[in-house]
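Novice: What follows is a structure written as structure tokens; I'll ask about it next.
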Amino acid sequence: MGIILFSIPFFFLLIGLELAYSAWSGRHLLRLNDSIADLSCGILSQISGVFTKLFSIGIFIWIGERWTLQGWVGLPAWPSAAPFYGVEGFPWFGVRGPEFASWALAFVLVDVAYYFSHRYAHEINLLWAGHVVHHSSEEYNLAVALRQSSLHGLFSWVFYAPLAVLGMPWQMFVACNALNLVYQFWIHTRAVGKLGRVAEYVLNTPSHHRVHHGVNPKYQDKNYAGVFITWDRLFGTFVKEEEEPVYGLTHPLRSWNPLWANIHVFWDILKSVWTAASWRERWMYVFGPPGWRPERLGGRVMPSEVQRETFERYDPKIPGSLAAYGLFHFTCALLATFLLLAGASGLPMAHMAAGGFYVAISLTAVGGIFEAEQWAAPLETSRLVVLGLVTAAAWRVAMVPGWFAVLTGVAVVGSLAWFIPHRRYLTENTPAPVMQ
């Protein structure tokens, strides 16, 4: 997780450059409401990752301590020392052959495991429920790369367990997996066209990954690669980009709420299982392909054709002053998350969970504001009042300094004065467009 956290400033720098390119070219690659929803999902993913990574890495370590090939047949341990060494004044001067080969093999094997993890996340409904959040944006830009699930890590460890059986050290796995994910950030853009023939043949590129995010029937469930597109070519899941795809879901999310983005398919599965007529139907609703339905209900739902010219994206309208309010409080939640993650190693789990819960409520309220939802008004008002009261109580028992309590009090009062006159705009659900 250290590699990913270290990369976050560079992610935001590249998003800023993409935004500048968007303004210069007039292509309108980003929307404020969609990008805030993307980043809100990413924030929740990073917070939940403090807990889910302990779970998944713990399983990897447990397998590596008990069920490795080295332990069964006496194979030598993986060389896991640093592949580079230095001399005075040249810290990256030389290469250790066995260690370099070991790290290269580990990187390739992690990428293969990612391919199958990603592929089955599109082919098994329960896994799709954890992965769907990443596909729920109807845009395609660098902010979408950060639109990650908070729950998918609870399932994906299964596909990496064989690497633990092979004896790969868990530190090597964590580093290679992080590098794999960091690579995938830059390919989430429409600002880069096709690259040279060699790069397009070997690597996963923006062109290849745009296909993966498309809802066009010919693009569905293709191009699962992480770094090397080789696996899609080898296993028959590769499709070349022709016309630019339409992005999103075949059943649009129609919400900026990051919590709902993470759980809506789980909720659909639960409802379907509850009304199923047999145990076979229940099994298929959970472990069958997404869109599965029994023949008595018409069979599996298949994607219909869609055209960019006729597709209308979800885009509720709210006053600019209310959007500015939402942006301000999203920024506050983002800063709070940085502080929370920076101090995670020294915080009790209960405090970490409480901080994460408050950030989640804040981002949910911001999402509701951008949707002009009725429930956002009481939620946001209550959130601000609770923040003020808790801060005052913490100051009374010397848990926070006086300047912090005063600053928070001013922010709460100012926010209420800004927000309350705008409550009248949160009076109805803005109808979302239906995919044609």
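Novice: Report those helices (runs of 4 or more DSSP H) wholly inside the stretch 323-429 carrying at least 2 residues which are β-branched (Val, Ile, Thr) and within 30 Å of residue 6 (Cβ to Cβ).
Specialist: On the way: elements: 349-371, 376-396, 402-419.
Counting at least 2 such residues, we get 349-371.
Novice: Further question on the same structure: When the stretch 181-204 is examined, which residues are found to be in contact with a helix residue (DSSP H, G or I) (Cβ under 6 Å, 6 or more places away or on another chain) and under 26 Å from residue 6 (Cβ atoms)? Let's see the steps before the verdict.
Specialist: Going through the stretch 181-204, the residues in contact with a helix residue (DSSP H, G or I) (Cβ under 6 Å, 6 or more places away or on another chain) turn out to be 182, 185, 187-189, 191-192, 194.
Within the stretch 181-204, 182, 185, 187, 188, 189, 191, 192 qualify.
Novice: For the stretch 413-424, does any single residue satisfy the condition of being touching a residue at least 40 places away in the same chain (Cβ under 8 Å), over 25 Å from residue 38 (Cβ atoms), open to solvent by 70 Å² or more (accessible area, probe 1.4 Å) and over 27 Å from the mean Cα position of the chain (by Cα)?
Specialist: First, the residues of the stretch 413-424 that are touching a residue at least 40 places away in the same chain (Cβ under 8 Å): 415, 418-419, 422-423.
From what's left, over 25 Å from residue 38 (Cβ atoms): 423.
Those left that are additionally open to solvent by 70 Å² or more (accessible area, probe 1.4 Å): 423.
Of the ones still in play, those that are also over 27 Å from the mean Cα position of the chain (by Cα) are 423.
Scanning the stretch 413-424, I find at least one residue that is touching a residue at least 40 places away in the same chain (Cβ under 8 Å), over 25 Å from residue 38 (Cβ atoms), open to solvent by 70 Å² or more (accessible area, probe 1.4 Å) and over 27 Å from the mean Cα position of the chain (by Cα), so the answer is yes.
Novice: It is to be established whether one or more residues within the stretch 344-363 are among the small types (Gly, Ala, Ser), within 24 Å of the chain's Cα centre (by Cα), modelled with pLDDT of 95 or more and under 18 Å from residue 150 (Cβ atoms).
Specialist: Checked against the condition, which is being among the small types (Gly, Ala, Ser), within 24 Å of the chain's Cα centre (by Cα), modelled with pLDDT of 95 or more and under 18 Å from residue 150 (Cβ atoms), the stretch 344-363 yields at least one hit.
Novice: Select from the stretch 192-241 the residues that are open to solvent by 40 Å² or more (accessible area, probe 1.4 Å), without any contact (Cβ under 8 Å) to a residue 12 or more places away in the chain and of a type outside the set (Lys, Arg) and list them in ascending order.
Specialist: Scanning the stretch 192-241 gives 196, 198, 234, 236.
Novice: Now, a different point. Of the residues that sit in the stretch 338-391 and are among the polar types (S, T, N, Q) and either in contact with a helix residue (DSSP H, G or I) (Cβ under 9 Å, 6 or more places away or on another chain) or within 19 Å of residue 425 (Cβ to Cβ) (or both), which one is most open to solvent (accessible area, probe 1.4 Å)?
Specialist: So in the stretch 338-391, the residues among the polar types (S, T, N, Q) come out as 345, 362, 364, 374, 381-382, 391.
Among the residues that remain, those that are also either in contact with a helix residue (DSSP H, G or I) (Cβ under 9 Å, 6 or more places away or on another chain) or within 19 Å of residue 425 (Cβ to Cβ) (or both) are: 362, 364, 374, 381-382, 391.
On the way: 362: 7, 364: 12, 374: 112, 381: 30, 382: 64, 391: 13 Å².
Per the criteria, the residue is 374.
Novice: Oh, and also: If residue 70 passes every condition in (1) touching a residue at least 60 places away in the same chain (Cβ under 8 Å); (2) open to solvent by 50 Å² or more (accessible area, probe 1.4 Å); (3) part of a helix (DSSP H, G or I) but one, which one does it miss?
Specialist: (2)
Novice: Across the stretch 276-303, what is the number of residues that are surrounded by 11 or more Cβ atoms within 10 Å (Cβ to Cβ) and either part of a loop (DSSP other than H, G, I, E, B) or at pLDDT below 90 (or both)? Working first, answer last.
Specialist: First, the residues of the stretch 276-303 that are surrounded by 11 or more Cβ atoms within 10 Å (Cβ to Cβ): 276, 280-294, 297, 299-301, 303.
Of the ones still in play, those that are also either part of a loop (DSSP other than H, G, I, E, B) or at pLDDT below 90 (or both) are 276, 288-294, 297, 299-301, 303.
So the count comes out to 13.
Novice: Give the residues of the stretch 152-176 that are open to solvent by 10 Å² or more (accessible area, probe 1.4 Å) and within 25 Å of residue 10 (Cα to Cα), sorted by residue number.
Specialist: 152, 153, 171, 173, 174, 175
Novice: Might you let me know whether the stretch 31-47 holds any residue that is modelled with pLDDT of 90 or more and part of a loop (DSSP other than H, G, I, E, B)?
Specialist: So in the stretch 31-47, the residues modelled with pLDDT of 90 or more come out as 31-47.
From the residues that got through so far, the ones that are part of a loop (DSSP other than H, G, I, E, B) too are 31.
There is at least one residue in the stretch 31-47 that is modelled with pLDDT of 90 or more and part of a loop (DSSP other than H, G, I, E, B).
Novice: Regarding the stretch 56-65, can at least one residue be identified that is under 26 Å from the mean Cα position of the chain (by Cα), part of a helix (DSSP H, G or I) and of a type in the set (Gly, Ala, Ser)? Quick ask: steps written out before the conclusion?
Specialist: Pass one, the stretch 56-65, residues under 26 Å from the mean Cα position of the chain (by Cα): 56-61.
If we keep only those that are part of a helix (DSSP H, G or I) as well, we get 56-61.
Adding the requirement that they be of a type in the set (Gly, Ala, Ser) leaves 56, 58.
Yes, because at least one residue in the stretch 56-65 is under 26 Å from the mean Cα position of the chain (by Cα), part of a helix (DSSP H, G or I) and of a type in the set (Gly, Ala, Ser).
Novice: Do the conditions hold for residue 161, that is, is it among the hydrophobic types (A, V, I, L, M, F, W, C) and farther than 16 Å from residue 106 by Cα? Break it down into steps so the answer makes sense when it comes.
Specialist: Values: among the hydrophobic types (A, V, I, L, M, F, W, C): yes; farther than 16 Å from residue 106 by Cα: no.
When the stated conditions are applied, residue 161 does not pass them.
The values are calculated or read from the model by the stated rules, or taken from the named source; none is laboratory data. These numbers come from a predicted model, not from an experiment. For neighbour counting, all protein chains shown are included, and Cβ atoms are generated from backbone atoms with ideal geometry for every residue, glycine included. The accessibility values were calculated without ligands, DNA or RNA, using every heavy atom of the protein model including side chains. Shrake-Rupley method; radii C 1.70, N 1.55, O 1.52, S 1.80 Å.
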